[in-house]
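What follows is one structure encoded as structure tokens, with my remarks underneath.
The values are calculated or read from the model by the stated rules, or taken from the named source; none is laboratory data. As the structure is a computational prediction, the values presented were derived from the model and not from experiment. Every residue, glycine as well, gets a Cβ built from its backbone with ideal geometry; the counts of neighbours run over all protein chains shown. Remember, those area values only see protein heavy atoms, side chains included, never the ligands or the DNA or RNA. Shrake-Rupley method; radii C 1.70, N 1.55, O 1.52, S 1.80 Å.
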Amino acid sequence: MFNDIGPLELVTLVVLAVLVFGPDKLPKMIQDVTRTIRKIREFSESAKQDIRSELGPEFKDFDFEDLNPKTFIRKQLDNDELGIKEIRNGFDMKKEMAEVADAVHGRDAESSSSSSSSSSAGSSGAAIDMTKKPENPREERPPYDADAT
């Protein structure tokens, strides 16, 4: 709960508590705080037991920590009923990137995959030029409209 409080901060809190409540009232205040915390925990446990008894035997393995979204998602992803591992293993990143590059360059996927496999077999380690080049070297600029800008 208080994992980020260092020893210097703890000493400062104790000194501050002694100054605020005084040395004679401080033990009574500590007892009151611990009693209140204990009552809150007991109330929480009784509420959990009431909820479990009301839900019935179908939810006997119900865990309240599963209501945390991170824990719930982690538990569901670890469960293999959804087939997520097969989907993850069936995903080929190189093939997908090649298809995206082909779509960007406007090539057919079949012709580029056969040409890329033959070209990659012939030249290993060849760099792919990903810079945008104009299709027409004498590409005309659109007319400048001073009223539009």
Pairwise FRET efficiency - Asp66 versus Ser44, Cβ, R0 = 22 Å, nearest 0.05: 0.85
The stretch 1-101 - percent of accessible surface contributed by carbon and sulfur, probe 1.4 Å: 64 percent
Given charges at Cβ of Lys, Arg, Asp, Glu: the stretch 1-77 dipole, positive-most of Gly56, Ser46, Val15: Val15
Sequence of Arg141, Arg74, Arg52 when ordered by accessible area, the most exposed leading, probe 1.4 angstrom: Arg141, Arg74, Arg52
